[in-house]
Amino acid sequence: VRKAPWVIAGWALVFGISAFHAPRFLEAVKVSYDPEASMPSGVSMSMFNTFFPGIMDQTIDSVIFSLKPEVENRKADKLLADAIGVLDEVMATLKTDHPVVLADTHSWRGVQGASYISRDERSWLLQVVWRADSNEQRQETDAAATKLLKAVKSLNATYSHKGLEVVATGPHALREVVQAQSRHDIGFHAVMFLPFAILAIHLHLWRIELLPLPAICGFVSMALAFAVGYVVACNTIVDVNTPTLMAFLTISLCIDWCFFLCARYREELMRPCANLDAIVTAFSRTGKNVGLSGCLIVACFLCMLQMPSAIASTAVGGCIAVGSSLACCLTLLPAILACMPSCIVDNSVEGYADEELLAADSTQEPSTYHRTDGDSIDDGPHPLVSAAGAVERGGHHLHRCQHAVWYRWAKIVTQPPCNMACLILAAIVCVPCWVRLSQYKPAVAESLSFPPGDPAVKARARLDTDFGSTIHGSDMYILFESGEDCPDGVRSNGYFSAVCAAALRVLELSHPDRPVQASNLLGVEFYTQPGTNILACMPWRSEHSSMLEVYQALAHGNYSGHLLLTGRTHHVTMIPSDEFMHFNALYKELWGQCVSPSEEASLVRLRLPWNIMSWEGFDLVEDLRRLVTGMHGEPTACGELRAWELSFPSIWYDYVQASVGKLPLCLGLACVLTTPFVGLSFWSALAPLKLLATVLLPLAWVYSVAIWCFEDGGMDFLGEGTPTHSCGGFHWMVPCSSSMLLMSLALDYNIFYFGRVMEFRKGGLSDLEAIRQGLASTGPVITCAGFIFALEFSGLLLSDVAMSRQGGFVIVLGVLLDTFVVRSCLLPAALSCGAAWNWWPGRMPAVMSDPMSRTISVDSDKGLTPGM
């Protein structure tokens, strides 16, 4: 405050630097993640990197050429030839500029051309394979893919009106979609309700000069948080949803905390004190609660660090957002208040809501405090006794407060048997909520993470329906390592026999809801007989005694791996057949993809024509893992054959299992950390437990209602376009990323309330009266703050991404429940039960028989006691 101009200048410099780096944060986040070493997929990844280094580093972007319904098929050849000719020039340029990262391309013009043509023969697929083994190559891949996406957009603009649509999809295209949606959510939805929030603040403060301050602090803190987030994202994995959460959190926290601080500042200005004194007093008292609130939120977020890194990045982003918000509210805000024009410092405020806040009378004389040793201290009105001194003028303030709506409500919920009835009813309601939570099956559909109307998202869905068997992103890999009994490695009959037997066991895992057919398996040890769905094993080498036996074997399709790979047998040097030459080319390509360079291991690839990023796919992953685990130590024709499974669905499955499984542990750890922290802050053992109980109960309500809405379709009758429509289930990331925030926010409001209750109790009011006066005093402020916070996060309900809408619904519902039910009903009722024990082991002063008495004694051990 004393160096306010320097503080403002420093923040202006920080804002300028941060605003330059903040937009880059959205470009540094990641959509897909690598498995962690402790996960089953991480163990498999280490083995895959041994034999097939970089196999999971490949990313594939797809370009779909589609005829519009009104275009006839006979015009397709001309349009397609012109469009692909332009794209070929782009691909040639990319191949020249980025020869390392552009690994390969596949299209309908290749060896497997028929697989890249849709079933209705009106769409054609081109797939570009990128390979990046290092961070530098990943950056180069991103740059090259950006050029390709721009070329596709330009191509679509040229040929769309002619009847040919050209759309790109894949990891890079979907990443651009997510980034665009995040910019829209941050730039529009995060601030669209800001004017209404500021209006709500104005209706409470009635000082228009203070209204810009929350917005200023919010934008400055968001810029700082994004700049720090960009630095973090350059060095570790940051989830793609983290920037959106950080934007909403910084703005909401800044508005809430600024409102609390400004309300206390205006209250202090009603007393005969200077502007700087009012700032110091307000920020030293309410600022303590703000700091405690921020520390609790950070502590809750830190408990999420034991989750997988991609999910833990949400906690890191939350900590950054809270830290920047605290810094702005506790340094920038008082500095601006200290430098504001003197017209704002107006002590002649009339009609201020003194029925809401029991402030000290502006005409109050200094009080004299007596220590037990007899010394007197003339130190002005004690802040904890200001409420008692406020009733000196005929009990005017106290009388008005006692008849205020909040005080009447407080008297109802704290009076037996209403208080016990409230608590019993809350516990009864929680029983079915916990039962429903135990039955929750997290939704994992990719459609919940992207805006459904985007062309790239629609194209991604078409890959499943029209080109299901050619989606490389749907490949599931099983690696087989040759045993000691196969000194020749893959090139042995024993190895071929063992792997083919394992492939047959994979087919036994097929179910109606997740079919696995022989045509879905690819490997060098077997093949699918033409016109059938039967998997036929073949040996590595077949010995024939004559040329006749060789030709008879070929006529019946009894090939060997050695023959298909080399074209030679013991009797025949080369088979001069066009059909055989075609098979020879296909088998060589398959050998290069499925056999390791050392020829000690090979892959069996599952290309399934259905969406394996689902629980059906996850169940198949679990069955495959049981299968390959059971093969370890099992004798085969090649000795002990070891196997591992790896795929992108298995990585996501591990993330889901680890995150959802560790969520109860994170909540428990948060309770263990926050409860002693609150207890030490208020020097109370029982009250923090009551605060914690009133926080955990609403969490069960919130998430059970969310499951009822989004999984059971309880609100689907409102229409498909409503924010509460089911849309495929309740996404698994929503509870993982929002539970800690809801818990900390609930503790936040409870701490503000309980802190005021303790002030009144130390001021000499009785236990019940302090609880009631605390609710009457903080009710309007905290209710307004909770309404503002919920209003700010309501912008997420308008997002095009279903997961964001679900997160917004959970946070809005949680904040409203905490504001209007927990803090207004449950917490006062809980505190009123055994009210005398709320302060133990701390010691409170005796109840003042005359609240107008201003002569009290201060005992360092016993606290405040009535003066005699």
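The values are calculated or read from the model by the stated rules, or taken from the named source; none is laboratory data. Since the structure is predicted, the reported quantities are computational estimates derived from the model, not experimental observations. Here the Cβ positions follow ideal geometry from the backbone for every residue, glycine too, while neighbour counts run over all protein chains shown. Accessible surface areas use protein heavy atoms only, side chains included; no ligands, DNA or RNA. Shrake-Rupley method; radii C 1.70, N 1.55, O 1.52, S 1.80 Å.
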Quick one: 3J(HN,Hα) in Hz for region 6-15, Karplus 6.51/-1.76/1.60 with θ = phi - 60°, rounded, Gly and Pro as x.
5, 5, 5, 4, x, 5, 5, 5, 4, 5
Going Cα to Cα from LYS147, which lysines come in below 23 Å? Please leave out same-chain ones fewer than 8 positions away.
LYS30, LYS95, LYS458
Gyration tensor on Cα atoms of region 184-256, a ≥ b ≥ c root eigenvalues, a/c under 1.5 rounded, else prolate if a/b beats b/c, else oblate, says prolate
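What part of the accessible area of region 204-255, given as a whole %, is carbon or sulfur when the probe is 1.4 angstrom? Spell out each step's value before the answer.
On the way: 1090 of 1490 Å².
Heavy-atom surface of region 204-255 belonging to carbon and sulfur, 1.4 Å probe: 73 percent.
Provide the gained length on full extension for the span ASP133 to LEU425, in nm with one decimal, where the gain is 0.36 nm per separating residue minus the Cα-Cα distance. Kindly include the intermediate steps, with their values, before the conclusion.
On the way: separation 292, 0.36 × 292 = 105.12 nm, distance 5.86 nm.
99.3 nm is the gain from fully extending ASP133 to LEU425.
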Highest mean first, how do 205-216, 308-319 rank when packing is the count of other Cβ atoms within 10 Å averaged over residues?
308-319, 205-216
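Pop out the Kirkwood hydrodynamic radius of region 413-459 from its pairwise C-alpha distances, inverse of mean 1/r, in Å to one decimal.
After inverting the mean inverse Cα-Cα distance, the result is 14.6 Å.
Of all the accessible heavy-atom surface of region 629-786, with the other protein chains kept in place and a 1.4 Å probe, what percent is carbon and sulfur?
Using a 1.4 Å probe with all protein chains present, region 629-786 comes out at 68 percent carbon and sulfur.
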Please give the Cα centre distance for region 660-721 versus region 119-196, rounded to the nearest Å.
38 Å
Give me the one-decimal nm value for the distance between modelled label points at SER598 and ILE17, 7 Å along each residue's Cα-to-Cβ direction.
4.9 nm
Taking 30 Å as R0, compute the FRET efficiency from the Cβ-Cβ separation of ALA846 and TRP683 and round it to 0.05.
0.95
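Rounded to a whole number of µm²/s, how large is the Stokes-Einstein D of region 1-155 at 37 °C and 0.692 mPa s, given Rh as the Kirkwood radius over C-alpha pairs? Walk me through the numbers before you get to the answer.
Numbers: Rh = 19.6 Å.
This corresponds to a translational diffusion coefficient of 168 µm²/s.
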Under 16 Å from the Cα of LYS662 - lysines, other chains or at least 8 residues apart:
LYS441
Give me the dipole magnitude in Debye, nearest 20, for region 78-142 about the Cα centre, with unit charges on the beta carbon: positive for Lys and Arg, negative for Asp and Glu.
300 debye
VAL1-ASP77 pseudo-label distance in nm [points 7 Å out on the Cα-to-Cβ vector]:
8.6 nm
Between region 740-810 and region 42-71, how many Å separate their Cα centres?
47 Å
At a Förster distance of 41 Å, what's the computed FRET efficiency of ARG626 paired with ASN235, Cβ-Cβ distance as r, to 0.05?
0.65
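How would HIS725, HIS21, HIS189 line up by accessible area, probe 1.4 Å, largest first?
Numbers: HIS725 40, HIS21 60, HIS189 10 Å².
Most to least solvent-accessible, the answer reads HIS21, HIS725, HIS189.
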Using a simple spin-label model with points 7 Å from Cα along the Cα→Cβ vector, what separation in nm is obtained for LEU509 and GLU634?
1.1 nm
Can you compute the charge dipole magnitude of region 134-205 about its Cα centre, using +1 on each Lys and Arg Cβ and -1 on each Asp and Glu Cβ, nothing else charged? Give it in debye, rounded to the nearest 20.
200 debye
Sequence-separation-based contact order of region 604-705, relative, with Cα cut under 8 Å and 6+ spacing, percent
15 percent
Go through LEU26, LEU224 and list them by solvent-accessible area, largest first, probe radius 1.4 Å.
LEU224, LEU26
Accessible heavy-atom area order of HIS106, HIS184, highest first, probe of 1.4 Å
HIS184, HIS106
Over region 52-206, relative contact order from alpha-carbon pairs under 8 Å, at least 6 apart, %
34 percent
Could you give the alpha-carbon Rg of region 706-817 over 2.2 N^0.38 Å, rounded to two decimals?
1.35
Tell me, what is the 1.4 Å probe accessible area of ARG285, in Å² to the nearest 10?
80 Å²
Where a label projected 7 Å from the Cα of LEU211 along Cα→Cβ would reach, residues of region 778-810 with amide N under 20 Å
781, 784-793
